[in-house]
Amino acid sequence: MRAARPPAALFGLVRASALIWILLALVFAPPSVSAKEDAVVPAPEIAVEEPTTATVPQPEPEDYRTEAYRASVPESLAGGTVVDTATAKTLHDEDAAFVDVLPRAPRPEGLPADTIWRPKPRSNIPGSIWLVDTGYGELAPAMERYLLEGLAEATQGDKGRPIVIYCLRDCWMSYNAAKRAIRAGYAAVYWYPDGTDGWAESGYALALSEPEPRPDE
């Protein structure tokens, strides 16, 4: 007497269960790594924190501003001229030199060569030269030379050529850089305190820019 065979439906159920387990194993299995991907490190933002809420103009200091760079700024610049956006645009149309001094963190020393360093993009006034980190109250000798050489390049060596220095609105760094230019003997220094904020708000175009190479890069 033959043993009773399991019904065909039971075999179908077993096969279906096995298939489900295989699919679950494929879905939840950890991904395989075939090659090491390069690390990507975004550059930090430095010294461009949001300005304080106070908007009362500050008096000019006797020397350079050395702290709290994003705050209300003076309405004057001894030895130079403070300009609004309309005047800055006129100077731009007249081919004045424009210098941006917004800071940007350099690539860290010792960062592996295969690590991608991604600094924050910067859009500034077309035709400008960007001299990063030159608006601090204290500059290392190498950075001061970098600033002075950049100013000479922007003005083509003519200290009488109009030069417009800017950063962001309510940023003391452009004030400091403009004061340094005056002390370096530039005779037509224009400080544009509204910077790229004011320029963009007036509907004028900005252009993606890269800074002049720093001396430590």
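Here are some notes:
- Shape call, region 176-217: gyration tensor on alpha carbons, a/c limit 1.5: oblate
- Sulfur and carbon atoms: percent of accessible area, region 107-217 [1.4 Å]: 51
- Contour minus Cα-Cα distance for Glu201 and Lys159 (0.36 nm per residue): 12.1 nm
- Model label sites at Asp84 and Ala68, defined 7 Å from Cα along the beta-carbon direction, differ in position by 2.7 nm.
- Local electrostatic count at Asp84 - Lys and Arg +1, Asp and Glu -1, tallied over other residues with Cβ under 13 Å: -2
- Full extension of the segment from Asp95 to Ser76, taken as 0.36 nm per residue of separation minus the current Cα-Cα distance, would add 4.5 nm.
- When the GluC sites (Glu not before Pro) in region 80-181 are filtered for DSSP coil states and for at most 10 other beta-carbon atoms within 10 Å of their beta-carbon, the remaining sites are Glu94, Glu109, Glu138.
- One decimal place: the segment Val56-Ala113 gains 15.8 nm when fully extended, by the rule 0.36 nm per residue minus the C-alpha distance.
- Loop-located trypsin sites (Lys or Arg not before Pro) in region 124-217, at most 16 other Cβ atoms within 10 Å (DSSP): Lys159
- Three-way shape call for region 103-217 based on the alpha-carbon gyration tensor, with the a/c threshold at 1.5: oblate
The values are calculated or read from the model by the stated rules, or taken from the named source; none is laboratory data. Remember, it's a predicted structure, so these values are computed and weren't measured experimentally. Using ideal geometry, Cβ is built from the backbone for each residue, glycine included, and neighbour counts are taken over all protein chains shown. To get the accessible areas, we keep the full protein, side chains included, count just its heavy atoms, and leave off ligands, DNA and RNA. Shrake-Rupley method; radii C 1.70, N 1.55, O 1.52, S 1.80 Å.
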